[in-house]
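The values are calculated or read from the model by the stated rules, or taken from the named source; none is laboratory data. For clarity, every value in this text was computed on a predicted model and none was experimentally measured. All Cβ positions, glycine included, derive from the backbone under ideal geometry; neighbour counts span all protein chains shown. With ligands, DNA and RNA removed, areas are computed over all heavy atoms of the protein, side chains included. Shrake-Rupley method; radii C 1.70, N 1.55, O 1.52, S 1.80 Å.
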Amino acid sequence: MNRDSNLPLTETVYYILLALIEPAHGYLIMQKIEMLSEGQVRMAAGTLYGALDNLLKAKLIKPTESEDKRRKTYIITEKGTELLRADHDRMVHMVNITNDCMKGGES
Amino acid sequence: MIKYKFFLDLTKEENWLREMSTKGHGFQNKKIGYQFEQNDTSESVYRIDYQTFKHREDYLDYIALFEDSGWIHIAGTKSSGKQYFKKDETNEAFKEEYDIFSDGKSKATRYKKMMYYFGSNFLFLISLTIVFFDESNLVKSLNPKSLYLTPGLWQSNGLSFWFSFLFETPFALARGFLWYLFPVSAIICVYYYIKSRLLWKAS
């Protein structure tokens, strides 16, 4: 098994990548994350800025064109999409085996 | 009102600004000292980030993100490192524990960046120390008379002596002692590097 060393993603990174399937600027990302997580995950400005910086360096997201002159807009890269998908599959597997094992214990 | 203070511990600095605010001194700006406005009735919470920027667009985008989320940028420049933000008590989302960081790890990276800053300054200063090292200079600074180059200075007297002597003194001091500024500043950088490392470990 040669699994990507970036896996598993942290909850915040997962949500940022998910929010950037469509282009968004910083504050919009914060709002999207809060919405997607149903208020469970709230990122503060400083933390989000640092996380975006790291994701840009890792080439998981990239800047994209926008009308807003002051705010930078980002979008997920191909590498980011692959990683998001891989982490999704990892979690689906975990959910499935957990369900199987729990069922086994009940009967 | 201007106050002069130096902080490495950002939490202490934030608390001090908060304390000043409760006393009615609203933090306005920071140049060399902290500028306060007297009789400021709005109580504010202050938070400090450590960030430098290569491009102006990056800096403006950074400030826009904070201001979108209710933090007013009050002091700091593109390359100052420390960035000061405030939130007023009148703000709806105001809470004493409100922060610009939502986890401890990202909050601690401030000290990591400070370590990097002091570390690279140390390397720069230590290379200046080595490049400008001159053995004869060390001997000369132990014998201050040799630092004066005016011919016949020590044989002259009266007004002409004092005139030449006082005129040359700044140059003599620079010749003899300027070099010492490099190792001394390098040592200060090491000290600050270690202190910010301890703060990083503790956070």
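Results, tabulated for the structure shown:
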{"quantity": "Label-reachable residues, region A:11-44, where backbone N falls under 19 Å from a point 7 Å from residue A:67's Cα toward its Cβ", "calculated": "A:22-29"}
{"quantity": "Dipole of chain A, positive end: most advanced residue of A:64, A:92, A:17 [Cβ charges, Cα centre]", "calculated": "A:64"}
{"quantity": "Relative contact order of region A:11-104, defined on C-alpha pairs under 8 angstrom at six or more residues apart (%)", "calculated": "30 percent"}
{"quantity": "Unsatisfied cross-links (Cα-Cα over 18 Å) in the set B:5/B:201; B:3/B:107; B:87/B:201; B:82/B:107", "calculated": "B:5/B:201; B:3/B:107; B:87/B:201"}
{"quantity": "Spin-label pair residue B:194/residue B:166, simplified geometry with 7 Å Cα→Cβ offset, distance in nm", "calculated": "4.4 nm"}
{"quantity": "Mean separation of Cα contacts under 8 Å (6+ apart) over length of region B:45-157, as relative contact order %", "calculated": "23 percent"}
{"quantity": "Additional length obtainable on full extension of the chain from residue A:41 to residue A:81, 0.36 nm per residue less Cα span", "calculated": "12.3 nm"}
{"quantity": "Region A:11-104: Lys pairs at Cα distance under 17 angstrom, eight or more positions apart or on different chains", "calculated": "7"}
{"quantity": "Rounded to the nearest 20 debye, dipole of the protein assembly as shown from Cβ charges on Lys, Arg, Asp, Glu", "calculated": "1280 debye"}
{"quantity": "Amide proton proximity set for residue A:74, modelled H, under 5 Å, gap of 5+", "calculated": "A:24, A:25, A:64"}
{"quantity": "Heavy atoms of residue B:37 accessible to a 1.4 Å probe, total area in Å² rounded to 10", "calculated": "90 Å²"}
{"quantity": "Net dipole in debye of chain A [+1 Lys, Arg Cβ; -1 Asp, Glu Cβ; about Cα centre; nearest 20]", "calculated": "420 debye"}
{"quantity": "Sites residue A:92 and residue B:55, calculated FRET efficiency, Cβ-Cβ separation with R0 30 Å, nearest 0.05", "calculated": "0.15"}
{"quantity": "Chain B - mean residue ellipticity at 222 nm from DSSP helices (-39,500 (n - 2.57) per run, n ≥ 4, rounded to 500)", "calculated": "-17000 deg cm²/dmol"}
{"quantity": "Simple spin-label estimate for residue A:31 and residue A:10 in nanometres, 7 Å along Cα-Cβ", "calculated": "2.5 nm"}
{"quantity": "Accessible-area value, residue B:50, 1.4 Å probe, nucleic acids and ligands omitted, Å²", "calculated": "20 Å²"}
{"quantity": "Rounded D (µm²/s) - region B:1-105, Kirkwood Rh over Cα pairs, Stokes-Einstein at 25 °C, 0.890 mPa s", "calculated": "172 µm²/s"}
{"quantity": "Candidate residues A:85, A:71, B:175, B:47: accessible-area rank, largest first, probe 1.4 Å", "calculated": "A:85, B:175, A:71, B:47"}
{"quantity": "Distance histogram for chain B (every C-alpha pair counted, 5 angstrom bins, percent rounded to whole numbers)", "calculated": "1, 6, 11, 13, 13, 12, 9, 7, 7, 7, 6, 4, 3, 1, 0, 0"}
{"quantity": "Cα-only Debye scattering, the protein assembly as shown: base-10 log of I(q)/I(0) at q = 0.07, 0.09, 0.10, 0.14 Å⁻¹", "calculated": "-0.46, -0.67, -0.77, -1.13"}
{"quantity": "Nearest-10 value in Å² for the accessible area of residue B:79, using the 1.4 Å probe", "calculated": "90 Å²"}
{"quantity": "Test item: Cα-centred dipole of chain B, Lys/Arg +1 and Asp/Glu -1 on Cβ, debye", "calculated": "800 debye"}
{"quantity": "Ratio Rg/Rh [Cα only; Rh per Kirkwood] for region A:11-104", "calculated": "1.06"}
{"quantity": "Dipole of region B:31-178 [Lys/Arg +1, Asp/Glu -1 at C-beta], most positive-end residue of B:171, B:144, B:122", "calculated": "B:144"}
{"quantity": "Rel. contact order, % - alpha carbon contacts under 8 angstrom, at least six apart, chain B", "calculated": "19 percent"}
{"quantity": "Fluctuation leader among A:19, A:44, A:58 - chain A, Gaussian network, Cα springs under 10 angstrom", "calculated": "A:44"}
{"quantity": "Of B:187, B:72, B:130, the one that fluctuates the most in a GNM where chain B has Cα springs shorter than 10 Å", "calculated": "B:130"}
{"quantity": "Among B:36, B:48, B:22 - extreme Cα towards positive end, dipole of region B:1-65, charges at beta-carbon", "calculated": "B:36"}
